[in-house]
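Read the structure below first, then the notes.
The values are calculated or read from the model by the stated rules, or taken from the named source; none is laboratory data. Keep in mind that this is a model prediction, so the values were computed, not measured. Cβ placement follows ideal geometry from the backbone for every residue including glycine, while neighbour counts extend to all protein chains displayed. Surface accessibility is based on the protein's heavy atoms, side chains included, excluding ligands, DNA and RNA. Shrake-Rupley method; radii C 1.70, N 1.55, O 1.52, S 1.80 Å.
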Amino acid sequence: MAGTWIVTWEAKNAAGEWEDVLGGTVELNTYNTAANVPTEMWLKEGYLLNTAIKVSTDYNTHTFKMAEQTISVNPAMWGDSKITLDVTEGKVLAGAATTPSGMPADSIVFFVNIQGDDTYKIAGFRRTGFPADEE
């Protein structure tokens, strides 16, 4: 489940459809905690959250989640220095994504609820390193 991912942030529009809120992709990293146990990992996205959050994992089902955690963030982005997050329905799906170059890759998808108000869908594919997939 650890890796570098190319993801989009989406929110529901007035018609109830998911649409890109950043106008492109950002990099997300998932990696082991210092405890190196199969029940937790770090999830770090450097654009909107700009911090690492610890999520609970189930490596047998390739799922992850985090219940209501208050984290420090960039106040210029969120208007406050601390926000409360929930991470739900997180999963890594082996070979389920197709990269921009047409190659198969692992997929990641999860939902982030901020302050009990706005919910975002973060989804993408494991970084391949191929130039055609970096755009």
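Hey, could you check segment 114-129 for residues that are polar (S, T, N, Q) and under 22 Å from Val21 (Cβ atoms) and say which is surrounded by the most Cβ atoms within 10 Å (Cβ to Cβ)? Restricting to residues being polar (S, T, N, Q) and under 22 Å from Val21 (Cβ atoms), the top hit is Thr119. Among the conditions (1) at pLDDT below 90; (2) surrounded by 13 or more Cβ atoms within 10 Å (Cβ to Cβ), Met77 misses just one, which is (2).
To keep it simple, each residue is scored yes or no on (1) within 24 Å of Glu19 (Cα to Cα); (2) open to solvent by 60 Å² or more (accessible area, probe 1.4 Å).
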{"site": "Pro38", "(1), (2)": "no, yes"}
{"site": "Asn50", "(1), (2)": "yes, yes"}
{"site": "Thr84", "(1), (2)": "yes, no"}
{"site": "Ile108", "(1), (2)": "yes, no"}
{"site": "Val112", "(1), (2)": "yes, no"}
